[in-house]
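Laboratory data are not the source of any read-out in this text; all were calculated from the coordinates shown. This is a predicted model, so every value here is computed, not measured. Cβ placement follows ideal geometry from the backbone for every residue including glycine, while neighbour counts extend to all protein chains displayed.
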Amino acid sequence: MKITKLKIKGYKGLDVNFEHHSDIITFIGLNGSGKSNVLEAICYIFREIYSDTESDYIEIAKKIPFKFELSFSSDSGGCVNITNISDQTMSLVGQIIDHTKYSASDDSFLFPQKLVAVYSGEEKRLWTKFFKSSFDEYIKQLSTETRLKPQRMIFLSRKHWDISLLTLLISELQDAKDFVRNVLKIMNVNKVEFKFNHQRYKSWKENSTHAFIKNIDFKSEYSLDEIKDKLAHYIEVDIFSHFYNALLSEMIASITITFNDELTLNDLSEGEKKLLLLKAAFEFVAQEDSLFLLDEPDSHIHLNNKPHIINIISQYKHNRQFILTTHSPTLTQCIKDLDNSSQNRIYALDSGKNVDSIRAKAIEYLAGDFWNAQQQTAFLSTKKDVILLVEGKHDKSHILNAWKHYRDDYPDLDFDIFVMGCADNITHLITGLRVSDNQDENKKYIGIFDNDESGRNNHNKSNVKYSENIKASKKGFVTIIYPVPNNFPNKKDFTVENLLPLQKYEESYKEVINTHNFTMQKIDDTLADIQKRVKGMLADKSNSFSKSDFVEFKKLFDIVNEIADLNNSTPIGVHIDVVKSLEPQSNSNIQNSLIIPANNQLNIFADYGPRGHPRNRYDAIFDKTDKSVLYNGEKYSSANQAMVFIRKEANNGASIGGVQAGVFWKYLNEDGAPRPLSDFLK
C-alpha cells in the first residue's frame, strides 16, 4: 500500500494537500517551512491507527485533533481512504465494508506493514512524541512475554549504526558486500566485541530475542567468521531485529567493530554512517508494503555522496514508499532525474502551506536553467517586498556587508537578494515575471547590473530602466546600474568592487600576487585566475570593513529605497527633463536646512544642497501665484529652488514618501489648498 493523497490542516499551522502516484515524495523548503511537521503529522495518524486495534475508524479519526485525509492504493487496484474531514470516515473501493464496524484489527492488508522513521541527527522530538511509548511497551514484552508481537512503528537513529554495520558485514547478499567494500571502503574485519548486560535479562522470560542473545553471550570477542557461524541459521532480517531488540532493551550495552586493521565506526564520516543506516533500514528492517520517513537524510553528507542516497532508495522503491525532507539541491535533482514523473515527486512548502503550483511552475520555467529547486523555493517563499536580483555571489556579499552598517539609516526598507549568475539571467527573469499573471503585485523586483558592456546592454533591453519607465517601475519591475563612484575616472566600465575604496582592492590584489603560483599557466588563464581570487578575497574581507568603507553603497541604498516607495510617492528624480531645467541651488538658508534631492546618482543633482539625507521632517510648498516656496510658513527663493524632502508624515494632498524617500514638489492652488505632485509634473 502507498499513500496517494494526503491532506493535513491544523497541525502546527500546516495546511497541505497533495496527490501523487510516486514511490518517493520529497518536501523541500526553508527552515521553518513545515517540512518536519508533515512527518510528525503522518506519525501522529499512524500511531493512532496502529495502537488502537479495537475501535472502528470513526472513533480513531475522532481522536486525532487536526483535520486530515489519507488515501492509499495497492498494486492490486484497491484503494483506502480514511478522514475526519467529511462524514465518510472510512471507505474501501473495490470491496463493500461497513466502515462503522470495520476496526483496525482487520487492517493488515490495508495500511503499510511498518512505518519506519530514519533520523541521524540530534533532534529527539519525533522519537519522544510518537515512538517512545510504543517502544516502552515493547520492552515490557521482551521481559515478560514468550511470544513477541511485531513492531509496526520503528525509529532508527545514530544509536543503531553499530548493528546496521554488523548486519551488513554478516550478510551474504552480494549487494550488501558491494556496499561495504565500495561505499564504506571496508576491506577486512579484525574483530567484533560485545558488552553484554547479563543481569539485565537474567530473569527474563525465554523468547526469540532472549534465545538469540544467549547463543552468543558466553564470550565477548568474535572474529567475523565466528559470529557468522554462530548466526548461520538466522536470516539477515531476523539478525537485525534481534540485535535491535537487544540494544533497545539494554541486553547489549555496546558493540565495537574493528576493521581495516585499526579503524572503528568512529573513523567513518558522518555521511558514511548515515548511508549505512539507510542501507540497513531498507534491506533488513522493513520489506514490502512499508513506509519510510527520512528527515533530511543528506545533512552532513559530502556533496559527492548525496547521489548514493537515491541510488540506495531506487533499489527498493518498487515495493516500499519513501517520504523525505531535504535542503539539498543535489539530492532534489537526483530525485527529479529518477524518471519522467518527477513533477509528482517534489513539493515545496512555505509557512506550512503548499507553494502555489502555478507560481512554482512559472519560476521553474523561467529560472530552471540557473536555479535549483531549493533556490526556486527560496525565491517563492521570501516574505520581503523588495527583491534585489544581482549578477554574482560577490555582489550579494558586498551589498549585505554594507547593509549591516546602513540598515538603521533606512528603518522602512528591507530586502532579499538573489544571485542570478549573469546579467542575461536578470533580464530573462524580470521579462518573464512581467508577462506572468500570477506574481505578487506588492513586490518590487530590482535588477542591479554592473556598469560593463553586458550590464549596460541588458539594462537597455530590459524596458524597465529606472528613471525612464516609471509606469513599469510602479508595477514592480525595475533595472538599475550601480551608481558611479566618486572620482571614478571613466564613469563606466566598473563592477561592484569599484564601490569599495581603491586601497582595499589594492591590498587584496597584492596579497594574491604574492601567493599566486604562476607555473605552467597561460597568461590569459593566469590573469583570469588572479582576478577571480582577488574578487573572492575582497568579498571575504569586506565582512570586516567599516561603515566608511561602504559610503558609495549608500547611493545604491538611496535608489533602492526610492524605488521601494514608488507606489506611495513620485520622486522628481524620475522626471529628468524637469530636473535638467532647474538651475543650481544657491539659497544658503535652504542649504543649511538640508532640503536636498534624494536621487543623487544623477550628476545634475550635485549642485543642489549638501549630500546625505536628514532624518527630520520637511514639508515645503510651492506657491504658484507668487512663485515662491513656503518652508515652515516662510518663503524661500523661487520656483526653480522648489526641491524639497518630505517624510511619510507629510499629508494634506502632498506626495508622500518614506524616510529618505526622495525629491518632491508640493504647491498650492489659487485658493491656498495644497495640490498633488502629479498635477505639477504633467
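Structural remarks
- Site pair residue 221 and residue 302 shows an inter-label distance of 3.2 nm when each label is modelled 7 Å from Cα along Cα→Cβ.
- Packing, taken as the mean count of other beta carbons within 10 Å per residue, orders the peptides 386-392, 235-241, 168-174, 199-205 from highest to lowest as 386-392, 235-241, 168-174, 199-205.
- Whole-angstrom gap from the range 139-205 to the range 212-289, using each part's C-alpha centre: 3 Å
- About its Cα centre, the range 250-311 has a charge dipole of approximately 120 debye under the convention of +1 per Lys or Arg Cβ and -1 per Asp or Glu Cβ, with nothing else charged.
- Most to least packed among 531-541, 143-153 [average Cβ atoms within 10 Å]: 531-541, 143-153
- Take the Cβ atoms of residue 318 and residue 461, set R0 to 30 Å, and the FRET efficiency comes out at 0.05.
- When peptides 41-48, 449-456 are ranked by their average number of other Cβ atoms within 10 Å per residue, the highest-first order is 41-48, 449-456.
- Above-threshold pairs, the threshold being 21 Å between Cα atoms, out of 353/383; 384/492; 393/465; 393/541: 384/492; 393/465
- Within the shell defined by Cβ-Cβ distances under 14 Å, the residues around residue 272 carry a net charge of +3, with Lys and Arg each +1 and Asp and Glu each -1.
- Residues 85, 335, 252, 58 arranged by fewest to most Cβ contacts within 10 Å: 85, 58, 252, 335
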